[in-house]
Amino acid sequence: MNKVLDINIKGIIFHLDEDAFNKLNTYLDEINKHFSHKKGCDEIISDIENRLAELFQQKLSDKKQVITLEDVDEVISIMGHPSDFDDDSEDDNSTISSNRPKVKKRLFRNIDERFLGGVCSGLGAYLNIDPTWVRIIFLLALFLAGGSVIVYIVLWIVIPPARTVSEKLEMQGDPVTISNIEKAFKEEMSEIKDKLEDLTEKAKESFKKKK
């Protein structure tokens, strides 16, 4: 019988049999080595660990408190290996991602595309419709019944915001894999860079006008 060892993932203690512990440690080392020299490595690794913790929690129950090698193998098969998604194979990477099935969406507030709290944008992503239509429905309800403001505030309170890369992927119904986490993070950084460049250009133009 294998002895049981403990591992801490994002502040959660998991009990693993020895084979599972060794396999998971090797996998985590592989992840850390792959991202150690990349921009945003801490955030990417944090999102990966969050997802690993979530998947392992799904394996446990009152009758099962120890993660087995089979559980670790299944989680790794869901997440994928960093070596499967090297920078030199972006075309293959996009093919792999497109072939992965969509997963069940989770409802979040989309704070990246919000007018107020991101409720309408989040509902739009969840229902796979343009957020503009959701906003129109809320406005019509406001004029016809007058209760949409209360409904909006309640939804603002109860629906969590999508802050992490993993949560944003789940909001869109994309599998939370190593490949998708890295890809989403790069896209997010690219958007931030573009916004900064736009702000810089506007500041330069404003400065020239004042001269």
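For segment 142-185, give me the residue count where each residue is of a type in the set (Ser, Thr, Tyr) and under 29 Å from ASP42 (Cα atoms). Even if it seems obvious, please write down each step before you answer.
Initial filter on segment 142-185 (of a type in the set (Ser, Thr, Tyr)): 148, 152, 164, 166, 177, 179.
From what's left, under 29 Å from ASP42 (Cα atoms): 164, 166, 177, 179.
Final tally of qualifying residues: 4.
What is the one condition in (1) modelled with pLDDT of 85 or more; (2) not in a helix (DSSP H, G or I) that SER121 does not satisfy?
Tallying (1) modelled with pLDDT of 85 or more; (2) not in a helix (DSSP H, G or I), SER121 fails exactly one: (2).
Can you tell me which residue in segment 164-211 is farthest from GLY118 (Cα to Cα), limited to those that are charged (D, E, K, R) and modelled with pLDDT of 85 or more? If you could, list the steps in order and put the result at the bottom.
First, the residues of segment 164-211 that are charged (D, E, K, R): 167-168, 170, 174, 182-183, 186-188, 191, 193-195, 197-198, 201-202, 204-205, 208-211.
Among the residues that remain, those that are also modelled with pLDDT of 85 or more are: 167-168, 170, 174.
Working: GLU167: 14, LYS168: 13, GLU170: 16, ASP174: 19 Å.
Of everything passing the filter in segment 164-211, ASP174 is farthest from GLY118 (Cα to Cα).
Output the number of the condition that PRO175 fails; it satisfies all remaining conditions of (1) touching a residue at least 60 places away in the same chain (Cβ under 8 Å); (2) outside any loop (DSSP other than H, G, I, E, B).
(2)
Out of segment 124-172, which residues are over 26 Å from GLU187 (Cα atoms) and not in a helix (DSSP H, G or I)?
ALA145, GLY146, GLY147
Of these, ILE9, ILE31, ILE13, which one is loosely packed, with under 14 Cβ neighbours inside 10 Å, modelled with pLDDT of 90 or more and not acidic (Asp, Glu)?
On the way: ILE9 fails: loosely packed, with under 14 Cβ neighbours inside 10 Å; ILE31 fails: loosely packed, with under 14 Cβ neighbours inside 10 Å.
Criteria check complete, one pass: ILE13.
Being crowded, with 16+ Cβ neighbours inside 10 Å and not acidic (Asp, Glu) is the filter here, so list the residues in segment 54-67 that pass it.
At the first step, the residues of segment 54-67 found to be crowded, with 16+ Cβ neighbours inside 10 Å are 54-56, 59, 67.
Correct list: LEU55, PHE56, LYS59, ILE67.
Name every residue in segment 27-66 that is of a type in the set (Gly, Ala, Ser) and touching a residue at least 24 places away in the same chain (Cβ under 8 Å), in order of residue number. Quick ask: steps written out before the conclusion?
Initial filter on segment 27-66 (of a type in the set (Gly, Ala, Ser)): 36, 40, 46, 53, 61.
Within segment 27-66, GLY40, SER46, ALA53 qualify.
The values are calculated or read from the model by the stated rules, or taken from the named source; none is laboratory data. Predicted model, so just to flag it, every value in this text is computed and none were measured. Note that we place each Cβ from the backbone using ideal geometry, even for glycine, and neighbour counts take in every protein chain shown.
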